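For reference, the structure is listed below as structure tokens.
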Amino acid sequence: MNKPLIKLEQINTWFPDNKPVFGKPTSWIKAVNDVSLNIIEGECLGLVGESGCGKSTMGRTILRLAPLYSGKIKFMGDDISKSDDKGLKPYRAKMQMVFQDPKASLNPKMTIFKILSEATALNLRVAKENYLEQAVKLLDLVDLRPEHIYRYPHEFSGGQQQRICVARALATDPKFIVFDEATSALDVSVQAQVINLMKDLQNKLDLTYLFISHDLSIMEHVCSRVAVMYAGQIIEVQDSGSLFDTPRHPYTKALKNAVPIADPESGKELGILKGEVPKLSDPPSGCHFHPRCDYKENICVEKSPKVRKTGKNSQVKCHFHEELWKRGVLRYT
Ligand code: SF4
């Protein structure tokens, strides 16, 4: 399993940060900044980082739902970076997304049958007269009962609503699904059920996933490989086992060691890192992590580190990754 399903080559997703002067913006919000990465067929790649680091924009950019400023996106070998809506049509069905809030992403006025049929309309292999059969099959795949088919979204729990969203994503026979914080709004026990379902479906249907989350601890159970994002850039990619035992980047270690604090709104615990999350419109010079890094040197302030390969499918972006690795200071104790 080493064939890339998706290849990202120096992709940039920038949004204007001010009113254009003579038709051109003078500053930009660099939500995705010079990212090169492969997503391998059959893997579940995690994308982790603090809120506001550009993770969701990256997921949307890959699906061509956010505007690509520059760079190349290849899906199954085809360059889709410059395709317009018509050109993207054959790929849309193959790439799907499941969002954080299932309630907000299901139309409250539509029955589950209508919701699933609307998505099935994009699947040219299913004839209209077979939509009911297809909807029942989809509900079965996500462990919901067929008699629920004429109910409305509000008649389901949050976990069941997220299963319906997964069923809708499967309606088009996709090859690739982006889960954008798809389990974050669920209770821990329901979260585990949805994750188990995702894993079963991945094996059963040969799917490739991008699993976006701010929660590093969940990645260990879900993902085979994890990419760590900071201020619009990918700063480390490793197999999840290695990433948790022996990270190569100081930010990854800081994320894992983040002090858990109670969040009164969600009732859950959040990991908080020291220092401020950088603004995507005005990130720090050189290595964007330098104001928060315990190991920074002068060069870190002046020069952006290059991305270095550390293995076949792993990489790191830090001037001193080898030295820190040899000193063993990044290992968890
Ligand atoms: Fe820290 Fe420098 Fe490495 Fe950035 S490049 S993570 S500042 S040591």
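Every condition in (1) farther than 20 Å from Q10 by Cα; (2) within 6 Å of the ligand (Cβ to nearest atom) holds for C287 except the one numbered (1).
Restricting the first member to segment 18-41 and to residues that are under 22 Å from I212 (Cβ atoms), and the second to residues that are aromatic (F, W, Y) and surrounded by fewer than 18 Cβ atoms within 10 Å (Cβ to Cβ), the beta-carbon pairs closer than 7 Å and six or more apart or on different chains are I29/F15; A31/F15. Screening segment 72-176 for helices (runs of 4 or more DSSP H) wholly inside it with 2 or more residues that are within 23 Å of the chain's Cα centre (by Cα) returns the ranges 85-92, 102-105, 158-170. Filter segment 177-187 down to the residues that are of a type outside the set (A, V, I, L, M) and within 15 Å of the chain's Cα centre (by Cα), then identify the one that is farthest from K204 (Cα to Cα). Out of the qualifying residues, it is S184.
Taking every residue in segment 288-301 that is farther than 17 Å from R248 by Cα and among the aliphatic types (A, V, I, L, M) and pairing it with any residue that is within 6 Å of the ligand (Cβ to nearest atom) and in a loop (DSSP other than H, G, I, E, B), at least 6 positions away or on another chain, the pairs with Cβ-Cβ distances below 6 Å are I299/H319. Taking segment 107-131 as the range and being of a type in the set (A, V, I, L, M, F, W, C) and touching a helix residue (DSSP H, G or I) at 6+ places or on another chain (Cβ under 7 Å) as the test, the residues that pass are I112, F113, I115, L116, A119, L122, V126.
The criterion of being buried (at least 17 other Cβ atoms within 10 Å of the Cβ) and charged (D, E, K, R) holds for D215. Return the pairs, sorted by first residue and then second, in which the second residue is assigned to a loop (DSSP other than H, G, I, E, B) and not aromatic (F, W, Y), the first residue lies in segment 43-71 and is surrounded by fewer than 18 Cβ atoms within 10 Å (Cβ to Cβ), the beta carbons are less than 6 Å apart, and the residues are 6+ apart or on different chains. As it stands, the answer is S51/H214; G52/V277, since those pairs meet every condition given.
Results for (1) part of a strand (DSSP E or B); (2) more than 14 Å from the ligand (Cβ to nearest atom); (3) polar (S, T, N, Q), shown as yes or no for each residue.
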position: P291; (1), (2), (3): no, no, no
position: D294; (1), (2), (3): no, no, no
position: C300; (1), (2), (3): no, no, no
position: S304; (1), (2), (3): no, no, yes
position: T310; (1), (2), (3): yes, no, yes
position: H319; (1), (2), (3): no, no, no
position: L324; (1), (2), (3): no, no, no
position: V329; (1), (2), (3): no, no, no
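Checking each residue in segment 302-322 for being exposed (fewer than 13 other Cβ atoms within 10 Å of the Cβ), without any contact (Cβ under 8 Å) to a residue 60 or more places away in the chain and under 20 Å from L243 (Cα atoms) picks out K306, K309. Every residue in segment 125-135 that is closer than 28 Å to S157 by Cα and either crowded, with 17+ Cβ neighbours inside 10 Å or in contact with a Gly (Cβ under 9 Å, 6 or more places away or on another chain) (or both), please. The answer is Y131, Q134, A135. Output the residues belonging to segment 30-53 that are within 15 Å of A231 (Cα to Cα) and either in contact with a Lys or Arg (Cβ under 8 Å, 6 or more places away or on another chain) or of a type in the set (D, E, K, R) (or both). If the condition is that a residue be within 15 Å of A231 (Cα to Cα) and either in contact with a Lys or Arg (Cβ under 8 Å, 6 or more places away or on another chain) or of a type in the set (D, E, K, R) (or both), then K30, D34, L47, V48, G49, E50 are the ones that fit.
In the set L186, L197, L210, only one residue is hydrophobic (A, V, I, L, M, F, W, C) and in a helix (DSSP H, G or I); that residue is L197.
Here, each number is a calculation from the coordinates, and none is a lab measurement. Source: prediction; values computed, not measured. We place every Cβ from the backbone using ideal geometry, glycine too, and count neighbours over all the protein chains shown.
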